[in-house]
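Q: Supplied in structure tokens, the structure appears directly below.
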Amino acid sequence: MEMLRDADIDSAPLESKRVAILGYGNQGRAQALNLRDSGIDVVVGLRGGSGTAVEVEAAGLRTALVEDAVSSADLVVMLAPDETHSALYREIETKLRYGAALGFSHGLSVRFGLVKPRPDLDVILVAPKGPGTALRSLYLQGKGMIAVWAVEQDATGCAKSVALAYGRAIGCGRAGLIASTFAEEAEADLFNEQAVVWGAVPELLIAGFETLVAGGVSPELAYLECVGELKLIAELIEERGIAGMREAISNTAELGALLGGRRIIDDGVRERMAEVLAEVRAGNFAEQLTNEELSGYPRLRNAREFGRRQLLEQVFEQLHSRS
Ligand SMILES: NC(=O)c1ccc[n+]([C@@H]2O[C@H](COP(=O)([O-])OP(=O)(O)OC[C@H]3O[C@@H](n4cnc5c(N)ncnc54)[C@H](OP(=O)(O)O)[C@@H]3O)[C@@H](O)[C@H]2O)c1
């Protein structure tokens with residue numbers, strides 16, 4: 001695996017070029033500010049009537065309507081939510097300059113055909129592996145976040161150099177840029193969201209909390225044990241890897257982990273993970289995401305409301321308000 005860093009990357013492909021960032025949310029804000037601070041000419045494209053314009057301008061960034069931002073830019077980066085990309089691309093397709101570059105921070109919309117870019121465009125991916133809030137705070141500390149980069153379409157012969165220069169300008173070259181493809185990034189990211197960190201881990205914490213409470217343990221202690229220690233293990237794994245984390249904890253915890261870990265995460269879990277990966281690759285999730293947006297996000301709204309009513313959240317609020 002090749003890991004490219006600032007010293008390996010030429011920043012010239014973005015010099016004297018304008019970048020339009022479409023969307024000023026989690027990633028859009030961080031990437032626009034990092035680009036500006038790296039000396040790039042950046043404009044943030046917003047929908048008509050967007051209340052976000054005030055915030056963008058207060059941050060010292062230029063704003064424009066989406067279509068005007070797009071028609072003025074050499075590189076247009078799609079940082080609105082993935083499920084809006086299809087309609088957004090249809091809106092901007094005729095405004096994109098001939099031979100411009102179209103950028104993404106997630107491979108989903110291209111991998112699953114929600115966006116089918118014009119053949120004259122360069123189509124690039126620079127996907128920071130973490131939230132925009134962290135991308136920005138790391139940049140301000142003089143550090144960076146690892147990102148994956150890819151080229152889907154190289155119409156001008158410059159797509160790779162533009163992708164790498166962009167990754168460098170948002171600060172990811174300080175940590176490292178790893179080559180991939182839109183398909184690999186999209187599939188791995190969607191798999192992880194469902195089957196590992198964002199899907200399975202919170203459910204494991206909830207199941208552990210509920211098991212202890214059902215067994216007579218106080219909710220506060222159950223919370224501290226099953227949820228409160230997550231940050232500690234995350235930091236240890238970040239610093240030392242999984243083997244190093246296991247060596248760093250007490251013999252009691254290490255033996256408990258050895259006896260219990262594979263009992264809970266057994267072959268059945270691995271089989272269901274393989275099912276999730278196959279479904280992601282077949283496009284089932286992309287279809288569900290599109291349908292969710294078209295019907296006004298009913299499942300997401302219900303799940304958020306249900307989650308807020310749970311005992312675990314009440315305990316979180318109690319413990320949080322005392323700290
Ligand atoms: N969130 C992450 O941590 C993360 C990490 C890596 C990659 N990514 C990728 O980054 C991209 C952006 O994700 P995000 O989480 O940053 O999105 P987000 O925070 O949900 O984006 C919100 C922004 O998008 C704008 N927007 C929404 N619908 C729009 C439309 N139809 N036309 C124009 N603008 C629209 C909103 O406009 P208003 O201001 O007018 O409401 C707002 O500024 C996605 O491809 C995602 O997969 C995200």
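Q: With a sphere of radius 14 Å drawn around the Cβ of A32, what net charge do the other residues whose Cβ falls strictly inside it have (Lys, Arg +1; Asp, Glu -1)?
A: Spelling it out: positives minus negatives among the neighbours equals +1.
Q: Any chance you could look up the accessible area of V196 with a 1.4 Å probe, heavy atoms only, rounded to 10 Å²?
A: So the heavy atoms of V196 present about 50 Å² to solvent.
Q: Only bridges with both residues in the chain count here: give the DSSP antiparallel percent, nearest 5.
A: Counting only bridges with both partners in the chain, antiparallel ones make up about 25 percent.
Q: Here's another thing I want to ask about it. Suppose accessible area is computed on protein heavy atoms with a 1.4 Å probe; arrange D37, D8 from highest to lowest.
A: Ranked list, largest accessible area first: D8, D37.
Q: Once amide H atoms are built 1.01 Å from N in the peptide plane, which residues 5 or more positions from F104, or in another chain, come under 5 Å H to H?
A: Distant-sequence amide H within range of F104: M78, I124, L125, V126.
Q: What is the spin-label model distance, in nm, from A278 to A134 if the labels are put 7 Å beyond Cα along the C-beta direction?
A: In this crude spin-label approximation the distance works out to 3.2 nm.
Q: Okay, next question. Considering only C-alpha atoms, what is the centroid distance from the range 1-68 to the range 110-148, in Å?
A: 12
Q: Still on this model: Give me the percent relative contact order of the chain, please, defined on Cα pairs under 8 angstrom at least 6 residues apart.
A: Numbers: 478 pairs, mean separation 49.6, N = 323.
Reported relative contact order: 15 percent.
Q: If you don't mind, another one. With r defined as the distance between the Cβ atoms of L311 and I146 and R0 fixed at 30 Å, what FRET efficiency is calculated, to the nearest 0.05? Could you put the intermediate results ahead of the total?
A: Values: r = 37 Å, r/R0 = 1.23.
The pair L311/I146 has a calculated efficiency of 0.25.
Q: Quick one, could you list the DSSP H helices from the chain stretching 18 Å or more along their long axis (Cα atoms) with average Kyte-Doolittle hydropathy of 0.0 or above?
A: Span-like helices in the chain: 200-214, 251-264.
Q: For a Förster distance of 51 Å, can you work out the FRET efficiency between the beta-carbons of S321 and L65, rounded to the nearest 0.05? Let's see the in-between values first.
A: Details: r = 43 Å, r/R0 = 0.84.
For S321 and L65, the calculated efficiency is 0.75.
Q: Net charge around R262, counting only other residues with Cβ within less than 15 Å of its Cβ (Lys, Arg = +1; Asp, Glu = -1)?
A: Residues close to R262 contribute a combined charge of -1.
Q: Based on the mean of other beta carbon atoms within 10 Å per residue, what is the order of 81-89, 212-220, most packed first?
A: Descending packing order for the listed peptides: 81-89, 212-220.
Q: Same structure again: Based on Cα coordinates alone, diagonalise the gyration tensor for the range 86-181, multiply each eigenvalue by 5, take square roots, and list the semi-axes in whole Å, largest first.
A: Numbers: eigenvalues 123, 40, 27 Å².
Square roots of five times the eigenvalues give 25, 14, 12 Å.
Q: Would you tell me the accessible area of I206, worked out with a 1.4 angstrom probe on the heavy atoms of the protein chains, in Å² to the nearest 10?
A: 60
Q: Using θ = phi - 60° and the Karplus relation 6.51 cos²θ - 1.76 cosθ + 1.60, list the HN-Hα couplings for the range 4-19 in order, rounded to whole Hz, with x at every Gly or Pro.
A: Couplings: 9, 10, 2, 5, 8, 10, 8, 7, 4, x, 9, 5, 6, 10, 9, 10 Hz.
Q: Along its three principal axes, how long is the range 3-180 when you only count alpha carbons? Whole Å, largest extent first please.
A: Per principal axis, max minus min of the Cα coordinates gives 37, 37, 30 Å.
Q: How much length, in nm to one decimal, is gained on full extension between E57 and I242, taken as 0.36 nm per residue of separation minus their Cα-Cα distance?
A: Roughly 62.2 nm would be gained on extension.
Q: Between L294, L255, L204, which gets the highest mean-square fluctuation from a Gaussian network model of the chain, Cα cutoff 10 Å?
A: Its mean-square fluctuation being the largest, the pick is L255.
Q: What is the sum of charges, Lys and Arg at +1 and Asp and Glu at -1, for the other residues whose Cβ falls under 12 Å from the Cβ of M145? It would help to have the intermediate numbers written out before the result.
A: Working: positive: K129, R136, K143, R174; negative: none.
Result for the local shell: +4.
Q: Okay, moving on. For the range 72-78, in order, what is each residue's ³J(HN,Hα) by Karplus, 6.51 cos²θ - 1.76 cosθ + 1.60 with θ = phi - 60°, in whole Hz (x at glycine and Pro)?
A: Listing the rounded values in order: 9, 10, 8, 9, 10, 10, 7 Hz.
Q: Using packing as a proxy for protection, rank 259-271, 306-318, 276-288, 151-163 so that the peptide with the highest average count of other Cβ atoms within 10 Å comes first. It would help to have the intermediate numbers written out before the result.
A: Values: 259-271: 10.1, 306-318: 12.9, 276-288: 15.7, 151-163: 18.3.
For the peptides 259-271, 306-318, 276-288, 151-163, the packing ranking is 151-163, 276-288, 306-318, 259-271.
Q: To check my understanding: the extent here is largest minus smallest coordinate of the Cα atoms along each principal axis. What are those three numbers for the range 1-46, in Å, largest first?
A: The Cα atoms of the range 1-46 stretch 35, 26, 15 Å along the principal axes, largest first.
Q: Just by accessible area at a 1.4 angstrom probe, what is the order of W198, W149 from largest to smallest? If you can, show how the numbers build up before the last one.
A: Details: W198 170, W149 25 Å².
Reading off the accessible areas and sorting them downward yields W198, W149.
Q: Please report, as a whole percent, how much of the solvent-accessible surface of the chain comes from carbon and sulfur atoms (probe radius 1.4 Å).
A: Here carbon and sulfur together make up 54 percent of the probe-accessible area.
The values are calculated or read from the model by the stated rules, or taken from the named source; none is laboratory data. What you see is a predicted model; the values in this text were computed from it and never measured. Cβ sites come from the backbone with ideal geometry, for glycine too, and all protein chains shown count toward neighbours. Please note that ligands, DNA and RNA were not included when accessible areas were found on the heavy atoms of the full protein model with its side chains. Shrake-Rupley method; radii C 1.70, N 1.55, O 1.52, S 1.80 Å.
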